[in-house]
Amino acid sequence: MTTSLDKEMSTPRGWTKRHLLGLQQLDADEITAILDQAAEFKRLAAEGETKLGALSGTYVGNLFFEPSTRTKTSFNLAAKRLSADTIDFTAAASSLSKGESFVDTARNIEAMGVSMMVVRHSSPGAPQLLTQHLNASILNAGDGTHEHPTQALLDIFTIREHRGDLKGKTVALVGDILHSRVARSNIWGLKKLGARVIVCGPATLIPEQVEKLGVEVSHNLDDILSETDCINLLRIQFERQRSAFFPSIREYAHLFGMNGSRIRRAKKDILVLAPGPINRGVEITPAVADGPHSVIIDQVTNGLMIRMACLYLLHQTSQNVLQVAAQGGS
Ligand code: CP
């Protein structure tokens with residue numbers, strides 16, 4: 001099914017990627033192309049155009065080897081909105097438990113006709129590994145502590161939607177930077193688009209030499225509040241921590257949690273983001289999470305548009321490659 005809207009849309013010039021592994025590999029124009037495509041999908045959705053035919057006849061596999069609510073659901077819905085068929089793979093109920101390898105599992109799913117795979121895995125580099133063994137387009141939905149590109153894209157999209165151009169904006173990433181793939185992808189994306197980035201948290205949760213990525217470091221949230229336009233509150237990743245990185249959750253919330261008192265001392269129009277899931281009462285109080293500065297639910301809505309844009313652009317590249325091959329071109 002191809003609608004007249006699909007015919008109007010074409011791959012942005014210069015978009016040539018078949019995989020989305022991280023924002024480290026994308027330049028500012030490519031990041032902007034995804035944001036603009038997502039904005040176009042959001043505009044169409046507002047006009048009631050919620051079903052497009054762009055991925056009709058395509059099978060998209062959701063391969064999640066770690067739990068997910070937002071990413072898995074929105075990739076699933078994004079694929080359906082583009083008329084793809086989707087396949088959900090649940091690691092716990094698979095033949096992995098019989099000893100089948102990660103790559104063999106993915107190759108078998110590809111053999112059933114799946115040409116786009118959304119992959120979440122606890123090992124950094126797992127999606128990249130698949131690009132070496134499969135022909136399918138691979139989309140990284142979070143690989144260990146490495147990258148979570150679509151999360152950063154939806155964070156940046158939400159900031160751009162509310163505050164315009166990223167150039168010169170000060171964005172603070174607060175919390176567990178050490179274990180956060182969201183922080184890494186945000187740093188790459190925000191810096192490429194010209195934002196000033198401050199990472200803030202206990203010294204034990206800030207990676208050594210993170211300044212080399214072009215960010216500033218603070219260990220005192222109260223010091224940076226007055227200069228911060230957008231604050232992204234990262235979850236303490238207890239599941240990835242092998243030892244105690246701070247004395248108590250109560251102390252962490254006292255020093256680094258966003259609460260009403262800090263909102264009153266922050267810039268009047270500070271934008272509060274959080275990738276979710278949020279630990280209410282730890283990195284953010286319920287009043288701030290549900291308050292007027294919060295765009296946490298907007299982020300989730302925008303995640304759908306970003307994932308539609310990523311699937312669409314990668315699919316367009318694959319189609320172009322096939323077309324060139326069929327014409328015998330180089
Ligand atoms: N932010 C995020 O990746 O959420 P899920 O783990 O629920 O997908």
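A few comments on the model shown:
- Count, lysine Cα pairs under 21 Å in the chain, 8 or more residues apart or across chains: 24
- Taking amide H atoms as placed 1.01 Å from N in the peptide plane, the amide H of Ser122 lies under 5 Å from those of Gly144, each 5 or more residues away in sequence or on another chain.
- Kyte-Doolittle at least -0.5, axis length at least 24 Å by Cα - qualifying DSSP helices, the chain: 28-46, 296-326
- Packing-based ranking, highest mean first, of 265-278, 172-185 given that Cβ atoms within 10 Å are counted: 172-185, 265-278
- Helices in the chain, meaning DSSP H runs of at least 4 residues, each add -39500 (n - 2.57). Divided by all residues, the mean residue ellipticity at 222 nm is -12000 deg cm²/dmol.
- Scalar couplings 3J(HN,Hα) for the stretch 201-211, obtained by applying the Karplus form with A = 6.51, B = -1.76, C = 1.60 to θ = phi - 60°, are x, x, 3, 5, 10, 10, x, 4, 6, 4, 4 Hz; x denotes Gly and Pro.
- Proximal charge balance of Thr105 [Cβ under 15 Å; K/R count +1, D/E count -1]: -2
- Amide hydrogen neighbours beyond the local backbone of Met258, cut-off 5 Å, H modeled: Ile284, Thr285
- Exposure here means at most 15 other Cβ atoms within 10 Å; with GluC sites (Glu not before Pro) in a DSSP loop as sites, the longest stretch of the chain lacking them is 209-330.
- The stretch 69-83 and the stretch 25-56 have Cα centres separated by 14 Å.
- Bridges between two residues of the chain, per DSSP, are antiparallel at a rate of about 5%.
- A cut-off of 5 Å between modelled amide H atoms, ignoring neighbours fewer than 5 places along the same chain, links Ile87 with Val60, Gly61, Asn62.
None of the figures in this text is laboratory data; all of them are computed from the coordinates on show. In this text the structure is predicted, and so the values were computed from the model without any measurement. Ideal geometry is used to build each Cβ from the backbone, glycine not excepted, and the neighbour counts take in all protein chains shown.
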